[in-house]
Amino acid sequence: MSATTTAPAGTADEDETRLSRAQSKAVRQRSLRLLGDLMRPHRKGLWLAGVLVVVSTVAQVAGPALIATAIDTTLVRLRDHGEWGPLLMVGGLYVVAAAVAGLSISGYVRTAARVSQGILLDLRRRVFRQTQRLSLEFHESYTSGRIISRQTSDLESLRDLLDSGLTSIVSGVLMMLVTGVSLFLLDWRTGLVLAASLIPALALTRWFQTRSQVYYREQRTASARVIVNFVETMTGIRAVQAFRRERANDVTYGELAEDYRAANARAMGLNGIYSPGLVLIGNVTVAVALLVGGLRVFHGDLDVGVLVAVLLYVKRFFGPIQEIGMFYNSFQSASAALEKISGLLAEEPTVVEPAKPVPLEHARGHVQLRGVEFAYVQGRPVLPRMDLDVPAGQTVALVGATGAGKSTLAKLLARFYDVTAGSLELDGVDVRDLSGHDLRRAVVMVTQEAYLFSGSVRDNIAMGKPGATLEEVQAAAKAVGAHDFIEQLPYGYDTDVNKRGGRVSAGQRQLLSFARAFLADPAVLILDEATSSLDIPGERLVQRGLQTLLADRTALIIAHRLSTVAIADRVLVMEHGVVVEDGSPAELIGGEGRFAALHAAWRDSLV
Ligand SMILES: Nc1ncnc2c1ncn2[C@@H]1O[C@H](COP(=O)(O)OP(=O)(O)OP(=O)(O)O)[C@@H](O)[C@H]1O
Ligand SMILES: [Mg+2]
């Protein structure tokens, strides 16, 4: 693939630690583009924040200069001439400067918060929309743990940067510049002392940055591992408990959490050296400035007021350095996060919407496969070549050994994947030319998992047809034989299926998803092992419902249980991706083939 030499596509190289120079550049540009995109709607807010931060910095820096004036000029005039006016005026100016600084800082913080929260909201929505939009193929390889860490810890580090990091860096850098310049203007000799002190301060900061880069990267990886492990364990909690994996998992998770703790501790330890180190350098500089300045005051070379102002400036100069050092960390982790998020956002669905969809208002359900080939992985075909014609309204049962490719065929039909070669047509239109909307209305697939969302039974059934009335929902439930058990639930149709007491059994869940499909009323219905959890009487009951459900539509039923197959018009037996038998149930049972053997074995097992 060319992805190794040119711009990396999407999430493919997310776990790569070493990227070529061209690749890192491409990744960086991708995240910068995303950042630019996100900031564009907030241009006004950003300008306002910029102006406010300049105003606040100037107002804050004015303080010491005013104090110097007060001490050296106005106090002297008060002492020598008894003039109160100048002192009061300088005092007044000081109060005004303090008020302006306070107000502009408050305005700045609020503007910056509004902008950063707006950006995060936008990004959060984009990530959600994108993950929901991406095809099944993506989700089958990109685990939910990773998606969760994109949505949680990555967005969190961006939030850190935008909320506090950016504020402190902008005001910090500006403050240092203005303070430094003011100091030189006021007294260049102390300016030189300050410049000298910058050497150890910068060396310390450099040391901190190189170390912390490593530690923070470790910290991020460790945190992602903790999340992924946690999500996987909890998703598989049934298997975990069934196989008594708790203790082993405890150990694994404990180790990951310990790694995370250690990484955090290392990063914190670094801060424990850096912060006091800077405070020390700052204090030594103040002491040197005081000593040098004090001697000069003693010799009458320097005014006391200037000395006080100079000391205040020096002290103020060191605050931002620490913030800048810290900023580097949050900048590092935020840019790594942004790289990952921009990769996710750059993913394109493998199943794409057609540019010019062919409208299909009322599908009849004629399904045709012409020379269909399919492989999940290049070079390993699951369906080598398949031709199939299912007339509208036919009920087809698909049987075959596990791994034969039955679900794969179903997923192609529902267009969760696209065929590798050949074409799959619905009413003479290639499914790739149908809009997602038309296709989803025409083809509905019900699987074994029969997923229920949080909410009432009624909401869950009504998903099949948004805006369905209670009567319609009940009619659908009755048609598939779900009405009786729903009535027995604590709150009937209003029972919350994911709350304690409202939980339903696996078979009941399947009945609910039948009702949902019935209400959706598609032209083509696919049931992939969707009857597997029903008991025999349950299945009988459902079989009656099934017959109503299947009437007047094309259906593809995948079932291991042969009793379900009996209601089909046609049976396809699949083996290694190839249809090896094709005929009515009676024909196949009467024949000599695999289905006949399968059926005989099944009948014997019932006796
Ligand atoms: N997402 C996937 N990526 C790669 N290979 C896959 C994927 N899903 C299925 N396969 C492979 O494709 C083949 C057919 O799988 P499929 O799920 O269609 O079988 P099936 O007939 O439905 O089996 P079962 O009766 O067990 O459900 C199997 O060999 C399987 O390993
Ligand atoms: Mg299957």
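At a glance:
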read-out	value
Looking only at segment 392-425, and only at residues there that are within 16 Å of ligand 2 (Cβ to nearest atom), part of a loop (DSSP other than H, G, I, E, B) and touching a strand residue (DSSP E or B) at 6+ places or on another chain (Cβ under 6 Å), the one that is farthest from SER563 (Cα to Cα)	ALA414
Residue ID - farthest from ligand 1 (Cβ to nearest atom), chosen from residues in segment 392-405 that are aliphatic (A, V, I, L, M) and more than 21 Å from ALA551 (Cα to Cα)	ALA401
Count of residues meeting criterion [closer than 15 Å to ASP37 by Cα and without any contact (Cβ under 8 Å) to a residue 40 or more places away in the chain] in segment 118-137	3
Residue ranges of helices (runs of 4 or more DSSP H) in segment 127-234 with at least 3 members under 16 Å from the mean Cα position of the chain (by Cα) and within 25 Å of MET326 (Cα to Cα)	155-160
Members of segment 406-423 found to be within 15 Å of ligand 1 (Cβ to nearest atom) and not charged (D, E, K, R), listed by number	SER407, THR408, LEU409, ALA410, LEU412, LEU413, ALA414, PHE416, TYR417, VAL419, THR420
So GLY272, is it outside any helix (DSSP H, G or I) and exposed (fewer than 13 other Cβ atoms within 10 Å of the Cβ)	no
Those residues of segment 368-391 which are within 16 Å of ligand 2 (Cβ to nearest atom) and either surrounded by fewer than 17 Cβ atoms within 10 Å (Cβ to Cβ) or modelled with pLDDT under 90 (or both), in sequence order	TYR376
Single residue of segment 33-89 satisfying the filter (assigned to a helix (DSSP H, G or I) and of a type in the set (Asp, Glu)) that is surrounded by the most Cβ atoms within 10 Å (Cβ to Cβ)	ASP72
Only one of ALA568, ALA597, ALA601 that is among the aliphatic types (A, V, I, L, M) and either part of a loop (DSSP other than H, G, I, E, B) or at positive phi (or both)	ALA568
Cβ pairs under 7 Å, 6+ apart, first in segment 393-411 and among the hydroxyl-bearing types (Ser, Thr, Tyr), second near ligand 1 (Cβ under 8 Å from one of its atoms) and assigned to a helix (DSSP H, G or I)	none
Close pairs from segment 241-261: first surrounded by 12 or more Cβ atoms within 10 Å (Cβ to Cβ), partner among the charged types (D, E, K, R) and assigned to a helix (DSSP H, G or I), Cβ under 8 Å, at least 6 apart	LEU256/ARG225; ASP259/ARG225; TYR260/ARG225
Some residue of segment 344-360 being part of a loop (DSSP other than H, G, I, E, B) and touching a strand residue (DSSP E or B) at 6+ places or on another chain (Cβ under 7 Å)	yes
Residue within segment 491-506 that is out of contact with any Lys or Arg (no Cβ under 9 Å at 6 or more places or on another chain), within 30 Å of ALA401 (Cβ to Cβ) and assigned to a loop (DSSP other than H, G, I, E, B) present	yes
From PHE317, PHE298, residue being closer than 17 Å to THR205 by Cβ and at pLDDT 80 or above	PHE317
Search result, residues across segment 541-587 that are buried (at least 19 other Cβ atoms within 10 Å of the Cβ), over 20 Å from PRO384 (Cβ atoms) and of a type in the set (A, V, I, L, M, F, W, C)	VAL542, LEU546, LEU549, LEU550, ALA555, ILE557, ALA559, LEU562, VAL565, ALA568, VAL571
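The values are calculated or read from the model by the stated rules, or taken from the named source; none is laboratory data. Everything numeric here is computed off the predicted structure, so don't read it as measured data. So basically every Cβ, Gly included, is an ideal-geometry build from the backbone, and we count neighbours across all protein chains shown.
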